[in-house]
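For reference, the structure discussed in these notes is given below.
Throughout, read-outs are computed from the coordinates displayed, never taken from laboratory work. Bear in mind the structure is a predicted one, so any value in this text is a computation, not a measurement. All Cβ positions, glycine included, derive from the backbone under ideal geometry; neighbour counts span all protein chains shown.
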Amino acid sequence: MAGLGEKVLSKSTPSTSWSLSSLLNGISEYREKLNLPNPGTFEGLHREVKATFLTNQLFDGGRADLTRVLSPNLQVTHSFTMGSALAPPMYNFGAAYIGTKSFLHGTIDTDGTLAARMNYAWNAKNVTKIQAHITSVPGHSMLQLEQDYQGSDYSINYKTINPSPVENTGIYILSYIQSVTQKLALGVETVYQKPTPDSEECFKSLVAKYSGKNYIATVQWQEIGTIQASYFQKINEKVEFGTELQILVGRERRDALCTVGGKFDFRTSTLRGQVDTSGRVCVVIEQKITPALSFLITGDIEHMKLFTFFSKPKTILLANSMSICYVDCWPLLAEHIKIWCGHSIGSIEF
Amino acid sequence: MREETKEKITKAIEIAKTIVHWGFIPFILYLGFTRSNPKPSLIRMIPLAA
C-alpha cells in the first residue's frame, strides 16, 4: 500500500489535492491496520441459514438427471421430468463451460425456454455476471447485468434488471456492505425501479450481520415494511441449526413467519428437518448406500392449511418422494445419474 | 429520442435476443470442444453412450 501511496503523491502536484491524497492515504493505512475481514456478499447474507432449510430439496413426480463430464472444461446435462402434479413432462438440456476466467452455463427445455448465465472474472476481486431468461412468450424474458467487487473489508454489488434504453425503464440495485469490527458488518442497499416511463420508485434496505466463531446473526430492514432476522448456529461438526423470522408490516396486510431448520450429518446419512409457524413440517433423509449410490426420502405436510376453511379455495399436496443418486467416477471423466421419483399421497381441495 | 431511432434499437434488441436464444448453447459447446484439453469426443454427449 505504501508503494501505491508514493505513486499518488508523485503524480499530484497541487497542494490541495496533495493534502486530499495524503488524507486518503492515511485512511487506507488506518483501515489496513484494523485488518478487518471481508463481510461476504449482500446476497449471501442468509446463505448459511438457507443451507439448513430444505425448500429446494422437495420435489414432486419423477425426475432423472444425467450429467456427463466431457472434459475438465465442458459438461452436459440431460434432465427428464414427468409425473408431477404441478408441471407437464419436460426434457431439459444443459451445457456448461468452465474456463480459467469465464464460466458459461445454459439450459434449454422442450418449450424453447433458455436460461443463460455468464460470469467473467476480470481479476480475483472484480466479477461481471450476466443472466438471461429468454422465452418465446413476449414480455416474459429477463436480462440481468451484475458487477461484483469484493474489497479487503467491503463488498460492492451493482445490478441492472431488464434495462430498456428505448423506454428508459428498468430496475437498478446498488448494495454496499462494510465490516465495522471483526465481528460486525453493516450494509445498505438501494433499489431504484422504473416500471413504466412515467412512474418511479426507490426503496432502501439496511442490514447488520454479526458473526462469531460458530454462529451468524443477521437483521435486514426494508423500507417497504419487512424485517427479516436470521440466526445460524453450528453446534458441532455434524449438527447445524438455522432459524429465520420474517415480519411483514404493510398498510394492507400484516404477516409473520418463523422457520426453524436443522441438519444432522451421520456416518452414512444426512437428515434435514424443518418446522414453520404456518404449520408446515418437512423432512429429508439422504442415505448413502455405497459411495456411488444414495437414496433420498422426503416428506412434506402443511398441517394448518388442512383446517383453514375461510380462505380461498386451495389445493394441499401431501407428498412423499424417493430419490436414487448414482455416481460413477473414472479418473477425470465422471458421470452422475440422479433419479427422483415422487409420489403424492393425496391432495385435498376446498 | 426520435421515433425512427427507437424502432431501430427495438429491432436490433429483438435480433440480438433471437441470436442469443438459439445460439447460446451451440456457442458453449463450440467453446468446450475447441478449448478443452484433452479434446472430448462428440459421441459422449449422448446419454449412456460409451
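Projecting label points 7 angstrom from Cα along Cα→Cβ for B:I9 and A:W221 puts them 3.8 nm apart.
In summary, the aspartates and glutamates within cross-link reach of A:K129, defined as a Cα separation below 18 angstrom excluding same-chain residues under 8 places away, comprise A:E43, A:E146, A:D148.
Rounded, prolate or oblate: which fits the stretch A:100-197, taking a ≥ b ≥ c as square roots of the Cα gyration tensor eigenvalues, rounded meaning a/c under 1.5, else prolate when a/b beats b/c?
Judged from the Cα gyration tensor, the stretch A:100-197 comes out oblate (a/c at least 1.5, b/c at or above a/b).
Shielding by partners for peptide B:27-35, expressed as the average number of C-beta atoms from other protein chains within 10 Å of each residue's C-beta, is 6. Extension gain for A:T270-A:I289 works out to 5.6 nm (0.36 nm per residue, less the C-alpha to C-alpha distance).
Taking 0.36 nm per residue of separation and subtracting the Cα-Cα distance, full extension of the segment from A:T160 to A:A256 would add 31.6 nm. Each label point was placed 7 Å from the Cα along the Cα-to-Cβ direction; for A:L186 and A:T135 their separation is 4.2 nm.
Between A:Y176 and A:S21, what is 0.36 nm times their sequence separation minus the Cα-Cα distance? Round to one decimal in nm. Walk me through the intermediate numbers first.
Working: separation 155, 0.36 × 155 = 55.80 nm, distance 2.31 nm.
The A:Y176-A:S21 span can extend by a further 53.5 nm.
Averaged across A:87-97, how many Cβ atoms of other chains sit within 10 Å of each residue's Cβ atom?
Across the residues of A:87-97, the mean count of other-chain Cβ atoms within 10 Å is 2.
What FRET efficiency comes out for A:V281 versus A:T41 if R0 is 41 angstrom and r is the Cβ-Cβ distance? Round to the nearest 0.05.
Values: r = 31 Å, r/R0 = 0.77.
FRET efficiency, A:V281 to A:T41: 0.85.
Among the listed pairs A:K159/A:K238; A:K50/A:K238; A:K33/A:K234; A:K125/A:K213; A:K209/A:K288; A:K33/A:K204, those with a Cα-Cα distance over 27 Å are A:K159/A:K238; A:K33/A:K234; A:K209/A:K288; A:K33/A:K204. Take the Cα of B:Y30, step 7 Å toward its Cβ, do the same at A:N123, and the gap between the two points is 3.2 nm. The mean count of C-beta atoms from other chains within 10 Å of the C-beta of residues in A:190-198, rounded to a whole number, is 0.
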